[in-house]
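*Asks:* Encoded as structure tokens, here's the structure I'll be asking about.
The values are calculated or read from the model by the stated rules, or taken from the named source; none is laboratory data. Given the structure is predicted, the values throughout are model-derived calculations rather than measurements. When we count neighbours, we look across all protein chains shown, and the Cβ atoms used for this are built from the backbone with ideal geometry, even at glycine. SASA here: full protein model, heavy atoms, side chains in, ligands and nucleic acids out. Shrake-Rupley method; radii C 1.70, N 1.55, O 1.52, S 1.80 Å.
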Amino acid sequence: MEHDAHAEAPPPQHVPPTEDATVDDWAREDAEPMTVDSGAPEEGVDEAAPDAAAAADAAPAPPAEGVKEIQSSLQSLELKTNVAAHEDAHEVEDEAGEQKRHLNVVFIGHVDAGKSTAGGQILFLSGQVDDRTIQKYEKEAKDKSRESWYMAYIMDTNEEERAKGKTVEVGRAHFETEHTRFTILDAPGHKSYVPNMISGASQADIGVLVISARKGEFETGYEKGGQTREHVLLAKTLGVAKLVVVINKMDEPTVKWSKERYDEIESKMIPFLKSSGYNVKKDVQFLPISGLLGANMKTRMDKSICSWWDGPCLFEVLDQIEVPLRDPKGPVRMPIIDKYKDMGTVVMGKIESGTIREGDSLLIMPNKSHVKVIGVSLDEKKVRRAGPAENVRVKLSGVEEEDIMTGFVLSSVANPVGAVTEFNAQLQILELLDNAIFTAGYKAVLHIHSVVEECEIVELIEEIDMKKRKDADPKKKKPKRKPLFVKNGAVVVCRIQVNNLICIENFSDFPQLGRFTLRTEGKTVAVGKVVAVPPAGSLTF
């Protein structure tokens, strides 16, 4: 309504005084310089609005001095609210930046395939790291006689990782393409750190599988015991629906951008990806790159380097990848992956469902702590709200940091996540340890979203014959026969028990909280999904 009051005033008085340029910074591009809704929160203006409207209706255009007075009082009002909101300056940017979707991309693959180098190169090409920093890393790598590792230093920040050239923690970084904001999760490739890789992959929407084209390196990673196979299976189980397979080190002297080598790797990977459950035509894309040189990453391949490749570059593929949408209006579900104290209790995690807003009352499960959201941060920026698939830090009041464990879930009060000590699952046995029999009494470590918990198989309910299942006539249902044990490759429905309460959901309701892996002695032995949980309010069946 104030619009009208200003519209009748002579144009020259629209120009705001120069010292109040801050008001203008907050203005929307399409708004007039002096309109009230130049970005200041509406609440601050509500009280003044009726009087201004009445004045506009009752009287003709006020004299110039009157307009100036109204303008200056409105400006001081805006400035007050702006100053108050200045520390949240990113909030308005957040609203503007919302057109860009957000995806988490995990870099997986065998140790030494070049995951950290590729991740570092992406950050450099997208302008997240400046030349001076790169020069510093180059010198540091040279001093350690590791010239080719300098790009990996961008992602591998701690000394142990740099000294050994092995990623241990899941590195995190952010970059943007034309339509998408990405969070890179650089997962460790070494088999000793697979649990860290699981925590990285469980937060990801898409995976970049990095394969080394160097003679001997692809074979080592792909053969039995190599991490390429285990990482692919884990990625599929943990909900990484789309996979970009980048064949790296194509510039290497043993490869020299050879089409034969590229085709050989692709032909070996396709059957394996199919057997892991990926639809290769729809969900997988192959492309050659050089992580060290940055070739075919941000811009398409130069024909002088590689004449036979005419497909897209990595940034294009990532930008155009389609992922299933999550429900911003669903019940809140955020598995907690970390927590710390900072003028309150801050929890970190990825929102799997629903939207978290400042001021929300939520529940931490399974210990049923009622908490209030006093702040939400996204990539170090403070925002008013965050939706599904965002990695966030949420500041809470009403709970102490020591009362929260990794694996707890922030959930809505009206529809809280279930907390149980046993559940039924459909398991696919991958590869048991030598001489092990999968039967009641089998013990393993359960990884489900951010939960890591010891578990025991208490009952085998039914073995499923996948071949017969496809041809079976549903009317001629045979009575279930309980198996005593099952072998490698079997698919079995079983009951699993854990010692402590864990928050899980049926896979059909919330896939992200219903898929898991079982590991024994550092090896993934089975992957599965939750098919039944005890009735509400009960911990066991």
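*Asks:* State log₁₀ I(q)/I(0) for the stretch 207-331 at q = 0.17, 0.21, 0.22 Å⁻¹ as given by the Debye formula over alpha-carbon point scatterers of equal weight, solvent excluded.
*Replies:* Those come out to -0.89, -1.28, -1.38, one per q.
*Asks:* Skipping prolines and chain starts, which residues have an amide H placed within reach, meaning under 5 Å, of the one on Ile464, given they are 5 or more residues away or on another chain?
*Replies:* Residues meeting the criterion, in which the H sits 1.01 Å from N, are Val491, Val492, Val493.
*Asks:* Considering only Cα-Cα distances, which of the following residue pairs are longer than 22 Å: Lys282/Lys487; Lys136/Lys215; Lys256/Lys303? Working shown, then result.
*Replies:* Values: Lys282/Lys487 31 Å; Lys136/Lys215 31 Å; Lys256/Lys303 14 Å.
Pairs exceeding 22 Å: Lys282/Lys487; Lys136/Lys215.
*Asks:* List the residues, sorted by chain then number, that are 5 or more residues from Ser258 or on another chain and whose placed amide H is less than 5 Å from its amide H.
*Replies:* Amide H neighbours of Ser258: none.
*Asks:* I'd like the FRET efficiency for Glu140 and Lys341, computed as 1/(1 + (r/R0)^6) with the beta carbon distance as r and R0 of 25 Å, rounded to 0.05.
*Replies:* Using R0 = 25 Å, I get an efficiency of 0.15.
*Asks:* Quick one: if you stick a label point 7 Å off each Cα along the C-beta vector at His370 and Val413, how many nm between them?
*Replies:* Distance between the two pseudo-spin positions: 0.5 nm.
*Asks:* What accessible area per residue comes out for the stretch 333-412, rounded to a whole number of Å², with a 1.4 Å probe?
*Replies:* Ligands and nucleic acids excluded, the figure is 40 Å² per residue.
*Asks:* My understanding is that a pair violates if its Cα-Cα distance is over 26 Å; which of Lys298/Lys339; Lys329/Lys382; Lys144/Lys236 do that in this structure?
*Replies:* Listed pairs above 26 Å: Lys298/Lys339; Lys144/Lys236.
*Asks:* Heavy-atom accessible area per residue, the stretch 419-532, 1.4 Å probe: how many Å²?
*Replies:* 55
*Asks:* Can you work out the PRE-style zone for Glu454? Point 7 Å along Cα to Cβ, and I want the residues of the stretch 498-522 with backbone N under 12 Å.
*Replies:* Only 498-500 fall inside the zone, counting backbone N under 12 Å.
*Asks:* With a Förster radius of 51 Å, plug the Cβ-Cβ distance of Glu462 and Lys256 into 1/(1 + (r/R0)^6) and report the FRET value to the nearest 0.05. All intermediate terms of the calculation are to be shown ahead of the outcome.
*Replies:* Numbers: r = 54 Å, r/R0 = 1.05.
According to the calculation, E is roughly 0.40.
*Asks:* Further, regarding this structure: Taking loop as defined by DSSP and a crowding limit of 15 other beta carbons within 10 Å, which GluC sites (Glu not before Pro) in the stretch 257-345 fit? Don't jump to the answer; show the numbers that get you there.
*Replies:* Working: sites: Glu260, Glu264, Glu266, Glu316, Glu322; in loops: Glu322.
Filter output for the stretch 257-345: Glu322.
*Asks:* Something else about it: For the pair Asn279 and Glu223, how long in nm is the line joining their label points, each one 7 Å along Cα→Cβ?
*Replies:* So the label points at Asn279 and Glu223 sit 3.5 nm apart.
*Asks:* Which percent of the accessible area of the stretch 333-412 is formed by carbon and sulfur heavy atoms (probe 1.4 angstrom)?
*Replies:* Answer for the stretch 333-412 is 47 percent, counting heavy atoms of protein chains only.
*Asks:* Another question about this same structure. Could you check the spin-label model distance between Lys443 and Thr133? Points 7 Å from the Cα along Cα→Cβ, value in nm.
*Replies:* 4.6
*Asks:* A further question on this structure: Taking H placed 1.01 Å from N in the peptide plane, check which residues at least 5 places from Glu390 or on another chain put their amide H under 5 Å from its amide H.
*Replies:* So Glu390 has HN proximity to Ile351.
*Asks:* Which whole-Hz couplings ³J(HN,Hα) result when phi for each residue of the stretch 356-365 is put into the Karplus expression 6.51 cos²θ - 1.76 cosθ + 1.60, θ = phi - 60°, listed in order with x for Gly and Pro?
*Replies:* Each residue's phi maps through the Karplus curve to give 9, 10, 4, x, 5, 9, 10, 10, 9, 9 Hz.
*Asks:* By its C-alpha gyration tensor, with a ≥ b ≥ c as the square roots of the eigenvalues, how is the stretch 333-412 shaped: rounded for a/c under 1.5, else prolate for a/b larger than b/c, else oblate?
*Replies:* rounded
*Asks:* Which of the three applies to the stretch 419-532, rounded, prolate or oblate, going by the alpha-carbon gyration tensor with a ≥ b ≥ c and a/c under 1.5 meaning rounded?
*Replies:* Working: a/c = 1.83, a/b = 1.30, b/c = 1.41.
Taking the square roots of the gyration eigenvalues as a ≥ b ≥ c, the stretch 419-532 is oblate.
*Asks:* Take the alpha carbon gyration tensor of the stretch 371-444, find the square roots of its eigenvalues, order them as a ≥ b ≥ c, and report rounded if a/c is under 1.5; if not, report prolate when a/b exceeds b/c, else oblate. Could you put the intermediate results ahead of the total?
*Replies:* Working: a/c = 2.87, a/b = 2.33, b/c = 1.23.
Here the stretch 371-444 falls in the prolate category.
*Asks:* Arranged from highest to lowest average of other beta-carbon atoms within 10 Å per residue, in what order do the peptides 446-453, 175-182 appear?
*Replies:* Ranking, from highest mean packing down: 446-453, 175-182.
*Asks:* Along the Cα-to-C-beta direction of Glu264, a point sits 7 Å from the Cα; which residues of the stretch 206-228 have their amide N less than 20 Å from that point?
*Replies:* 210-228
*Asks:* May I ask you to evaluate 6.51 cos²θ - 1.76 cosθ + 1.60, the Karplus curve with θ = phi - 60°, for each residue of the stretch 391-398 and list the ³J(HN,Hα) values in order in whole Hz, giving x for glycine and proline?
*Replies:* Taking θ as phi minus 60°, the curve returns 8, 10, 10, 10, 8, 10, 10, x Hz for the stretch 391-398.
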